[in-house]
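The values are calculated or read from the model by the stated rules, or taken from the named source; none is laboratory data. These figures come from a predicted structure and were not determined experimentally. Don't worry about glycine lacking a Cβ; one is built from the backbone with ideal geometry, like all the others, and counts go over all protein chains shown. Protein only, heavy atoms only, side chains kept; ligands, DNA and RNA dropped before computing areas. Shrake-Rupley method; radii C 1.70, N 1.55, O 1.52, S 1.80 Å.
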Amino acid sequence: MVKMIILPDLHWGAISPERMKEELDKTLFNFLKCNRVDVVMIAGDLFDSKQYFTSDVVRYVINFLCQLAHYANSIVCIQGTKTHDDLKTIFANIKIVDTGDFWMGRFHFITKPTILRIRSGDGFIEYYKPDEYNYEMSEENEDETEEWMSTLCIPEEYVIDQDVYYKPYLENKYYDIILFHGMIDKIWYAKINKFSQTELTKYSSAPVFKVDELLEHCSRCYAGH
């Protein structure tokens, strides 16, 4: 079984980064010191607002991610609300220095729908295109001691036709978990947003996912917003 921690909506910058670090040291990192995991999955909104690369908040976040790498084999971070997370801009050119304690291959920044398989024990991650993936991959391994967790990561994007855009990732597909950042139809304000989508179909907007439909494609769903 893959050991994981899911962290939605950390919103670095909502409070002072010094206080945020103090709170995380007392809670998250105290736990991780005794409970190493295969993967930490950050479910969007790592930041509370857009940040300059040179800001103190970004500096603290980079240190936070490096600290995570001491206790987790892989860190997966999906992009949240665009006005909060501009991961491609902030992290595209960052070279996290190899200290010997961890390596760059542990960090995965997801800005488009992405299919992953995560291996239990070492958190090794494989990527698959929709036409390459089938659920049986998670059950058929050359080494019977290996266990894999299939994961569909869906960052928040603004699309015109939600059904067409996500069809390659959902049609005839099944995953162990789906991790996404966005709205769901079981919440009242999401229903209002969905109505506005039907009125303004020519404009791109943040998708509203139907819980019952998502659960047809996975064992478990985890989300942030």
Go through region 11-29 residue by residue and tally those that are open to solvent by 30 Å² or more (accessible area, probe 1.4 Å) and either outside any loop (DSSP other than H, G, I, E, B) or in contact (Cβ under 8 Å) with a residue 24 or more places away in the chain (or both).
10
Pairs where the first residue, in region 211-225, is more than 17 Å from residue 167 (Cβ to Cβ) and the second is surrounded by fewer than 13 Cβ atoms within 10 Å (Cβ to Cβ), C-beta under 6 Å, 6+ apart:
211/186
The listed residue being at pLDDT 85 or above and either more than 29 Å from residue 2 (Cβ to Cβ) or not basic (Lys, Arg) (or both), out of 223, 206, 190
223
